[in-house]
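Student: Below you'll find the structure I mean.
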Amino acid sequence: MITPVKISPATLANLAKLGIHHRADLLLHLPLRYEDETHLAPIETAEPGNTMQVQGVITHSEIVFRPRRTLLCRLRDESGELYLRFLNFYPSQTKLLAVDRKIRAAGEVRMGYYGLEMVHPKCSMVTDDTPLKTSLTPVYPSTAGLSQTALRKLIANALEVLPTPDHLPEEIRRRLKLDGFSESIRLLHNPAPDIVPSTLEERSHPAWQRVKFDELLAQQISMRVHHKERSARKAPALKIKGHYCDVLLKNLPFRLTRSQQKVSKEIGGDLARPHPMQRLLLGDVGSGKTIVAALAALQAIENGYQVAFMAPTEILAEQHYLKLTGWLAPLGLIPVWLSGSQKKKEKQLAAEKIASGETLLAIGTHALFQQQISFQKLGLAIVDEQHKFGVEQRLALHAKGKAAQAKPGFQEPHQLMMSATPIPRTLAMSYYADLDVSVIDELPPGRTPVITKLVSDERRCEVFERVRSACMSGQQAYWVCPLIDESEALQLQNALETHQQLCTTFPELRVGLVHGKMDSTEKVRVMNAFKTGELQLLVATTVIEVGVDVPNASLMVIDHAERMGLAQLHQLRGRVGRGAQQSLCILLYQKPLSELARTRLKVIFENNDGFAIAQQDLQLRGPGELLGARQSGMAMLRFADIDADEDLLEQARTVADELLREYPEAARGYLHRWMANRHDFLHA
Ligand code: ADP
Ligand code: MG
């Protein structure tokens, strides 16, 4: 009888690093690529760049010191000769590769100092009748201290001892013309030599299709289960009363767009139900999400519940605070402000007003969700620029909710998340399948699209003139400092220098500076000075990337635009074009441009629509980064690629519903196989 191999604690720790926590996880630890050791190639066919396996006799073996200690051997077969070279080697290798030994070597051929060579090939001693491998050799993702050989053994053992039932009902499998689960993973772990390796490496082989489908299906099932669990939980039913909302709408200097009305209705309907809303409000930069959020807040307030309105940066939170105060003060509602950099006394005062229920609307940064803040009767949490919050913050928020749920009679607050990172439909479907999504798909009327210009740094002086004349004619401008990845200190230094320089260049203009290291009162002072027109030119780091809204600013210069990502450029550009006058965004770039930078600048130059830009961004960078660097760590999908595998995703969506309805046991099987370790992360 075959028994499971014992796994040492050290190996277990290494496996955990790879996300393998249960023996069954080994089954889904699939190869990155394969080595072909199923046949031998004559040495004369070796060409640089080829990966091949050859066999011959060692004709020469010595240790040379050029440039450092190197084991250099010559291998000859009937057709020709090749060098084998090792930089780090053991005495056992010197012994193995002795002259006259018959050796089989596999590796990549390169052109080296001595001629064609393989560096660190995989070598073994053979006789004339040593058999060749009968399947391609898998190469697995691994980690230091865990050899391929050890991993292969563990996986082979798991394939032997564990049952690998196909959870997909036969009828559905046939309908979708998918291969069986067990045969698919067995094939991927041990592909026969006649399989075209590229179909494996490109993951187009039916076995890969099956695995990717299963992964997507498990994800869809998990999200639906989560969605359903939510409708079993309790939240306050915040009925639409309208009195505050009506007054606010009447006082506004504009009318809501059709799109704003539609999403407002969706949100209002959700809030009125006794189950927690989790809705994502998507809308391009400038589409007017804030007023929609304000109306949702009023609906909660009309029912006597508190609202927390959270933004990722102090500048943005402060701006919301000012804007909402302006809108709500005429209704007799005064919001409370809370941020991390506030003085202790002020923070305490705000916390007291929140805890006593005296204040109905609290606006601030994530300080709002820290331990010591407790709401008396929280009905709605609004999170702006949701994608800017990290996974840890979202987990913390989640945990806080869970702890409170233990109390009897607990009612969970509704959640409204907003994002100006327009997410392509496929990504939204996959990543946010457990949320309800509302989309604002039009901009308020009267906006003139921003004109974008690409200008090489050599023409900086012309750009200066442009800034000068714009400001002299009463407009306002932003000058965005280059992004410096290496260090915050350099970034700051650069911002200070740019500010100095521009003050000198424009003695006749009032030039301000705002950057991330400033203390928040100072930041607010500068932003207000810019808003009121006291400052004409604002030098800024990318802290102004999200949310900042100064309609009179109609010119933006982005210095070293080639360093910025597409989403960032689009967000920055969205700071202008908010008023009626024609706006201009100048992307100053430094030559030479990398291929990627050139593509990015072209995309941003040719597109104004955030969704189109996001779609191209997805292709350039992959979904992980698009959702924000901090979220990419969660690697939602290991095998499927939601852009390339859109068709599979569509099928998985339909089948997920079908399984949950008609084959609940199968759905559980999927969750168990794919999601056992990842449930929490997925729903952070
Ligand atoms: P975002 O969706 O990027 O958060 P904001 O909520 O900041 O956009 O709105 C951008 C600007 O458009 C603000 O100045 C806001 O007052 C204004 N605005 C919002 N809705 C309308 C509308 N229906 N008509 C005209 N202006 C509007
Ligand atoms: Mg906004």
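Student: I'd like the Karplus ³J(HN,Hα) series for segment 17-30: coefficients 6.51, -1.76, 1.60, θ = phi - 60°, whole numbers in Hz, and an x wherever there's a Gly or Pro.
Tutor: Rounded to whole hertz, the list is 4, 8, x, 9, 10, 10, 3, 5, 5, 4, 4, 9, 8, 9.
Student: Another one. Keeping all protein chains in place, calculate the accessible area per residue for segment 212-371 (probe 1.4 angstrom), answer in Å².
Tutor: Numbers: 6340 Å² over 160 residues.
Ligands and nucleic acids excluded, the figure is 40 Å² per residue.
Student: I would also like to ask the following. Please report, in whole Å, how far the alpha carbons of segment 451-607 spread along each principal axis, starting with the longest.
Tutor: Taking max minus min along each principal axis of the Cα atoms, segment 451-607 gives 41, 36, 29 Å.
Student: How long is segment 135-178 along each principal axis, judged by its Cα atoms, biggest number first, in Å?
Tutor: Answer, in whole Å and largest first: 44, 21, 20 Å.
Student: Working from the pairwise distances between different alpha carbons, so that the mean of 1/r is found and then inverted, what is the chain's Kirkwood radius in Å?
Tutor: Numbers: mean 1/r = 0.0341 Å⁻¹.
In the chain this quantity evaluates to 29.3 Å.
Student: Mind checking which lysines have their Cα closer than 19 Å to the Cα of Lys133? Skip sequence neighbours fewer than 8 apart in that chain.
Tutor: Those lysines meeting the cut-off are Lys102, Lys122, Lys153.
Student: As an exercise, find the ratio Rg/Rh for segment 496-560 from alpha-carbon atoms, using the Kirkwood inverse-distance average for Rh. Provide the component values of the computation, followed by the final result.
Tutor: On the way: Rg = 11.4 Å, Rh = 12.3 Å.
Rg divided by Rh gives 0.92.
Student: Apply the Kirkwood formula to segment 279-365: the hydrodynamic radius equals the inverse of the mean of 1/r over all pairs of different alpha-carbon atoms; give it in Å with one decimal. Write out the running numbers ahead of the final one.
Tutor: Details: mean 1/r = 0.0740 Å⁻¹.
Across segment 279-365, the inverse of the average 1/r is 13.5 Å.
Student: Next question. In segment 39-132, if every C-alpha pair distance is counted and binned at 10 Å from zero, what percent goes to each bin?
Tutor: Result, from short to long distances: 17, 56, 25, 2 percent.
Student: Find the Cα radius of gyration of segment 108-242, compare it with 2.2 N^0.38 Å by division, and give the number to two decimals.
Tutor: Values: Rg = 23.5 Å, N = 135, 2.2 N^0.38 = 14.2 Å.
Cα Rg divided by the expected 2.2 N^0.38 Å: 1.65.
Student: Also, quick follow-up: May I ask you to evaluate 6.51 cos²θ - 1.76 cosθ + 1.60, the Karplus curve with θ = phi - 60°, for each residue of segment 332-347 and list the ³J(HN,Hα) values in order in whole Hz, giving x for glycine and proline?
Tutor: Running phi through 6.51 cos²θ - 1.76 cosθ + 1.60 with θ = phi - 60° gives x, 10, 10, x, 10, 10, 9, 8, x, 8, 5, 5, 4, 4, 4, 4 Hz.
Student: While we're on this one: In sequence order, what are the phi-derived ³J(HN,Hα) couplings for segment 278-286 according to the Karplus relation 6.51 cos²θ - 1.76 cosθ + 1.60 with θ = phi - 60°, rounded to whole Hz, with x for glycine and proline?
Tutor: Using θ = phi - 60°, the values come out as 9, 10, 9, 9, 9, x, 4, 3, x Hz.
Student: Report, ordered by chain and residue number, the aspartates and glutamates lying within cross-link reach of Lys377, taken as a straight Cα distance under 16 Å and ignoring same-chain residues fewer than 8 apart.
Tutor: By straight Cα distance, Lys377 reaches Glu302, Glu352, Glu358, Glu412.
Student: With a 1.4 Å probe and every protein chain kept in, tell me what percent of the accessible surface of the chain is carbon plus sulfur.
Tutor: Working: 17130 of 31650 Å².
Answer for the chain: carbon and sulfur cover 54 percent of the accessible area.
Student: Using alpha carbon centroids, what distance separates segment 47-87 and segment 1-20, in Å?
Tutor: Distance between centres, Cα-based: 36 Å.
Student: Roughly what % of DSSP beta bridges within segment 39-132 run antiparallel, to the nearest 5?
Tutor: Values: 28 of 31 bridges.
About 90 percent, rounded to the nearest 5.
Student: Oh, and also: Which loop GluC sites (Glu not before Pro) in segment 55-97, with loop taken from DSSP, have no more than 16 other Cβ atoms within 10 angstrom of their Cβ? Don't jump to the answer; show the numbers that get you there.
Tutor: Values: sites: Glu62, Glu78, Glu81; in loops: Glu78.
Passing sites in segment 55-97 are Glu78.
Student: What percent do you get for the relative contact order of segment 39-132 when only Cα pairs under 8 Å and 6+ apart count? Please list the in-between numbers first.
Tutor: Details: 210 pairs, mean separation 28.2, N = 94.
Relative contact order of segment 39-132: 30 percent.
Student: Something else about it: Between segment 347-378 and segment 108-186, what's the alpha-carbon centroid distance in Å?
Tutor: Taking the Cα centre of segment 108-186 as reference, the centre of segment 347-378 is 56 Å away.
Student: Relative contact order (percent) for segment 451-607, with alpha-carbon contacts under 8 angstrom and 6 or more residues of separation? Walk me through the intermediate numbers first.
Tutor: Values: 265 pairs, mean separation 50.0, N = 157.
Worked out over segment 451-607, it gives 32 percent.
Student: Can you give the FRET efficiency for Glu458 and Ala612, using 1/(1 + (r/R0)^6), R0 = 51 Å, r = Cβ-Cβ distance, to the nearest 0.05?
Tutor: On the way: r = 30 Å, r/R0 = 0.59.
Efficiency computed from Cβ-Cβ geometry: 0.95.
Student: So what is the diffusion coefficient of segment 246-311 in µm² per second by Stokes-Einstein at 25 °C and 0.890 mPa s, using a Kirkwood Rh over Cα pairs?
Tutor: Working: Rh = 12.8 Å.
Rounded, D is 192 µm²/s.
Student: Separate question: With a 1.4 Å probe and every protein chain left in place, work out the accessible area per residue of segment 80-127 in Å², rounded to a whole number. Please report the intermediate quantities before stating the final value.
Tutor: Working: 2630 Å² over 48 residues.
I get 55 Å² per residue for segment 80-127.
Student: Checking the table Lys17/Lys95; Lys250/Lys347; Lys289/Lys343; Lys234/Lys523; Lys453/Lys517 against a 32 Å threshold on Cα-Cα, which pairs fail?
Tutor: Working: Lys17/Lys95 35 Å; Lys250/Lys347 34 Å; Lys289/Lys343 30 Å; Lys234/Lys523 40 Å; Lys453/Lys517 30 Å.
Where the Cα-Cα span goes over 32 Å, the pairs concerned are Lys17/Lys95; Lys250/Lys347; Lys234/Lys523.
Student: Oh, and also: In square angstrom, what is the accessible area per residue of segment 481-549 with a 1.4 angstrom probe? Don't skip to the end; give the middle numbers.
Tutor: Details: 3170 Å² over 69 residues.
Accessible surface, normalised per residue, equals 46 Å².
Student: Also, quick follow-up: Report the residues of segment 100-117 in range of a label on Val57: point 7 Å along Cα→C-beta, backbone N strictly under 19 Å from it.
Tutor: Once the point is set 7 Å along Cα→Cβ of Val57, 100-105 turn out to lie under 19 Å by backbone N, inside segment 100-117.
The values are calculated or read from the model by the stated rules, or taken from the named source; none is laboratory data. These numbers come from a predicted model, not from an experiment. Quick reminder, even Gly has a Cβ in these numbers, built from the backbone with ideal geometry, and neighbours come from all protein chains shown. Accessible surface areas use protein heavy atoms only, side chains included; no ligands, DNA or RNA. Shrake-Rupley method; radii C 1.70, N 1.55, O 1.52, S 1.80 Å.
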